[in-house]
Amino acid sequence: MIIYIFISALTGFLGYKVQALSKKGALAATGVGCMIALGFAWKGLLLLGIFFLSSTVWSKYQSEQKGGIEEIVEKGASRDQYQVLANGGVAALAGVMMVIFPKEVWTFIFLSAIATSNSDTWASELGVLSTRKPLHIKTLKIVPAGTSGAVSMLGVVASFLGSALIGVVGSFVFDLSYQAAAVVTFAGFVGCLSDTLIGATMQEEFQCLRCGTRTERRTHCGKQTDKLSGVKGFNNDVVNFASSVIGALIGGAWIL
C-alpha cells in the first residue's frame, strides 16, 4: 500500500506541475488515488491514471482554440479539489466499500463512475473543437461552444469513445466478460448524457450585465452577474457528481 500511496502522491504532484491540478486539487487527487488503491490495487490506479492522463492530454490539445470558452465556463483547466471529488469521489467511495463489503458490484460501480467522468471530459474537451456550433438540448437553439447543456456530433462521438476506453480496458484488467465491457461503456455514456440533461435544466446560468455574455461565472467583467436560470448552488461540480452517481448506479444495477 505504501507504493500505491507514493504513486498517488507522485501523480498529484506531477498534475500540479503541469498545471492540470491546483495545490488543493493535487491533495484531493492523492486522497482519491489512495482510496481507489485500497479497494482495487494497481488495477484501480491504472484506470484512474488513464482517465487523468487522457483528460490532461485533451485539455491541452489545441488549447489555443478553446480560449473563448473560458468566458463561459466557471473554472479553468487546472482542476481544484471540488472538481477532483466531483469526478473521482464516487469511484473513491467504491474503493472503500470494496474493503468493507467485498462484492463484485463495487467493481462495476467503480468502472462505471470512471467511465462517466472520462466520457464527459472527452465530450467537453473535444466537442468544443467542432467546426459547427452545438445545439442546446432544451431550447434546440444554436449556442456558443462550452455552453452547459449543448451537444455536437463530435462531442457525442468523443463521449462514446471515452466511455468505451474505460469499458474495454477495465474489463481486460479485471478479467470481466465482453458483456461487462458493453455494460460499463453504456453506463458511462448514459451518465454523460445525463450530465448534459441536468446541465441544461438545473445548472445555474448567469449573464454579464456589462457585455451580455451568458456564463457559469458569478462575476464577469469585474462585476457580479445576473442569474438567469437554474437551481441555486447547482454548479458544474454538482452536475458532474450527479452524473457520476447516475452512471455508477446504472453499472451497479446490472450485476445486482
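Read-outs throughout are calculated quantities, based only on the coordinates presented, and are distinct from any laboratory measurement. This one's a predicted model, so the numbers in the text were calculated from it and none came from an experiment. Positions of Cβ are backbone-derived with ideal geometry, glycine not excepted, and every protein chain shown enters the neighbour counts.
A simple charge model with +1 on the Cβ of Lys and Arg, -1 on the Cβ of Asp and Glu and nothing else charged puts the dipole of the range 104-230 at about 800 debye relative to its Cα centre. Stokes-Einstein D for the range 14-63 at 4 °C, 1.567 mPa s, Kirkwood Rh over Cα pairs, in µm²/s? In µm²/s, the coefficient is 113.
Think of the chain as a dipole: +1 on every Lys or Arg Cβ, -1 on every Asp or Glu Cβ, centred on the Cα centre; then among S130, V90, V173, S130 lies furthest on the positive end.
For the range 2-255, a crude dipole built from +1 on the beta carbon of Lys and Arg and -1 on the beta carbon of Asp and Glu, taken about the Cα centre, is about 520 debye to the nearest 20. Exceedance of the 32 Å cut-off in Cα-Cα distance is limited, within the set K43/K133; K23/K138; K141/K223; K133/K232; K103/K232, to K43/K133; K23/K138; K103/K232. When you restrict to C-alpha pairs under 8 Å that are six or more residues apart and normalise by the size of the chain, the relative contact order lands at 20 percent. Across the range 19-26, computed HN-Hα scalar couplings (Karplus, 6.51 cos²θ - 1.76 cosθ + 1.60, θ = phi - 60°) run 6, 7, 9, 7, 4, 5, x, 5 Hz from first to last residue, x flagging Gly and Pro.
In this simple spin-label approximation, K138 and E104 carry label points 7 Å from Cα along the Cα→Cβ vector, and these lie 4.0 nm apart. Size check on the chain: the Cα extents along the three principal axes, sorted descending, read 54, 36, 33 Å. For H220, the residues 5 or more places off, or on other chains, whose built amide H falls under 5 Å of its own are T225. Taking G31, G222, G44 in turn, the Gaussian network model of the chain (Cα-Cα springs below 10 Å) assigns the largest fluctuation to G222.
Comparing L209, T219, A26 along the charge dipole axis of the chain, the residue lying farthest to the positive side is L209, per the Cβ-charge model.
Largest mean-square fluctuation among T116, T196, T213, in a Gaussian network model of the chain whose springs join Cα atoms under 10 Å apart, belongs to T213. Close amide H contacts of L21 (hydrogens built in the peptide plane, cut-off under 5 Å, sequence separation of 5 or more or a different chain): Y16, R79. Stretching T219 away from Q62 to a fully extended chain increases their span by 53.9 nm, per 0.36 nm per residue minus the current alpha-carbon distance. Between L14 and L129, the modelled labels are 2.2 nm apart [label points 7 Å from Cα along Cα→Cβ].
Taking the Cα centre of the chain as the origin and placing charges on Cβ (Lys, Arg +1; Asp, Glu -1), which of V190, G49, A145 is farthest toward the positive end of the dipole? Comparing the listed Cα positions along the dipole, A145 ranks first.
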